[in-house]
Amino acid sequence: MKKLISLSYLIVYLFIIACDGGGDSMIDSSNPDAVSLSLKMEGATRYSGSPPAPSNELAAPVLYNYSKDFTVGAGGNAGIELYAFDYIISGVYLQVIGADSYWDIPVGSLNGTKVSPDHQSQSRALATKEDYALILPIPSKLSEGEFCVEYSVYDANGLVSNVVSLCIKVVEPGGKNSEFLIGEWSGLKYVQKQNGVIEESIIGETYANDFTLQAYCYDAYVDLEINESYTENYLHLNISKDGGLTLENERNITSLDYTNSTCDELVYVNNQRVDDAGGVWTFDAETNEFVMALEVTYYYEGVESLDNQAIRGEMIVEDGVLIFTQYSILDRESYYSIHFKKK
């Protein structure tokens, strides 16, 4: 069975849509207090002073310090992965460095926080029990510049973890020396390299997912041969000069209907999933970092769902092919990439 690689493998970060207040005045990114006040995070509470210090107890949560600095467009979102070992956390303390206040963000009330899906390689490699993503909404009126934050997590007993810091570089949507990105692109293939092995999935081809299922039939266990399949019909990326971006994806999935299948007859269902996304992009020509802040609409089994995602990686062009790549934090030899051609 050939392993399926698709758009869902991208490491994504749920985010809260940034909401600016009224007026036309810009927010100075070099003013820590102004930046802290501008971070409108649903469910969070702002307090004066500094957050509680780390607990000097063995039972206190511990954060892996795998955070990296961000480059994000004004009006976009910065996703911070929280790797908390084997601890269940109850919330996050976050402070803009230099500000006279901090934010208390309970996990249960912040819809930008989630348990990371199993396909994230960092989660598997670190063997963490639950990983979370904390999202900072960057106001569209925040001036170009950089600010830094410190954060820690706490558990149900109020025990506080170690403190981790990172810096966020804010740029205007788009980017200098990014003309080669502009235009309409059509997806060619997905490429994944892990443990030295490279696998590819060609967009437009059908991939079989055949496996044996053991079932109890007529007073005995029997092996049933299951034949599922997956086809990615298309992946379209449109990058506009003004910093706008759209992403469209359609795929067909044939899977076993476990409810209506019997020992005598296996029933399969065919479903089509369509994703339409729109948002903004930013590009740093010095590092080739490309960030997409997207609002995604999913259509699957006749149901429409909405999701907000921030996706970042390296964007380059080789021999006329646009390549977007995400590298593993632990091993740059491991990566996941999508290849596009100009329409």
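Could you give the nm distance between label points at E314 and E57, where each point is 7 Å from its Cα heading toward the beta carbon?
Between E314 and E57, the simple spin-label model gives 4.4 nm.
Quick one: which of K176/K241; K40/K176; K176/K342; K68/K241; K189/K343; K68/K193 span more than 18 angstrom between C-alpha atoms? Display every interim value, and only then the final one.
Values: K176/K241 11 Å; K40/K176 29 Å; K176/K342 20 Å; K68/K241 27 Å; K189/K343 15 Å; K68/K193 22 Å.
From K176/K241; K40/K176; K176/K342; K68/K241; K189/K343; K68/K193, over 18 Å: K40/K176; K176/K342; K68/K241; K68/K193.
Provide the net charge surrounding G174, with neighbours chosen by a C-beta distance below 13 Å and charges set as Lys +1, Arg +1, Asp -1, Glu -1.
Charge balance near G174 sits at -3.
Which net charge results for the neighbourhood of L247, defined as the other residues with beta-carbon distances under 11 angstrom from its beta-carbon, given Lys and Arg at +1 and Asp and Glu at -1? Please report the intermediate quantities before stating the final value.
Values: positive: none; negative: E248, D275, D276, E295.
For residues surrounding L247, the net value is -4.
How would you rank S334, S255, going from fewest to most other Cβ atoms within 10 Å of each one's own Cβ?
Fewest-to-most Cβ neighbours within 10 Å comes out as S255, S334.
Could you check the simple spin-label distance between E179 and V163, using points 7 Å along Cα→Cβ, in nm with one decimal?
4.7 nm
log₁₀ I(q)/I(0) of the stretch 225-343 at q = 0.10, 0.12, 0.18, 0.21 Å⁻¹, via Debye over equal Cα point scatterers, no solvent, to two decimals?
Taking Cα atoms of the stretch 225-343 as identical point scatterers yields -0.44, -0.60, -1.04, -1.23.
Report the gain in length on full extension from N227 to I88: 0.36 nm times residue separation, minus Cα-Cα distance, nm rounded to one decimal.
46.2 nm
In nm, what is the difference between 0.36 nm times the number of residues separating C217 and V267 and their Cα-Cα distance? Intermediate values should be presented prior to the final figure.
Working: separation 50, 0.36 × 50 = 18.00 nm, distance 1.58 nm.
Contour length minus Cα-Cα distance gives 16.4 nm.
Considering only DSSP states other than H, G, I, E and B, which trypsin sites (Lys or Arg not before Pro) in the stretch 235-301 qualify as loop sites with at most 15 other Cβ atoms within 10 Å?
Working: sites: K241, R251, R273; in loops: K241.
Counting only loop positions with at most 15 other Cβ atoms within 10 Å, the trypsin sites (Lys or Arg not before Pro) in the stretch 235-301 are K241.
Tally Lys and Arg at +1 and Asp and Glu at -1 over the other residues with C-beta under 9 Å from the C-beta of E232: what net charge comes out?
Net charge in that neighbourhood comes out at -1.
Label-point separation (nm) for H236 and K341, each offset 7 Å from Cα along Cα-to-Cβ?
Rounded to a tenth, the inter-label distance reads 1.7 nm.
We did not get these values from a lab; they are worked out from the coordinates using the rules stated. Worth saying up front: this structure is predicted, and the values here are computed from it rather than measured. Positions of Cβ are generated from backbone atoms using ideal geometry, with glycine treated the same way; all protein chains shown enter the neighbour counts.
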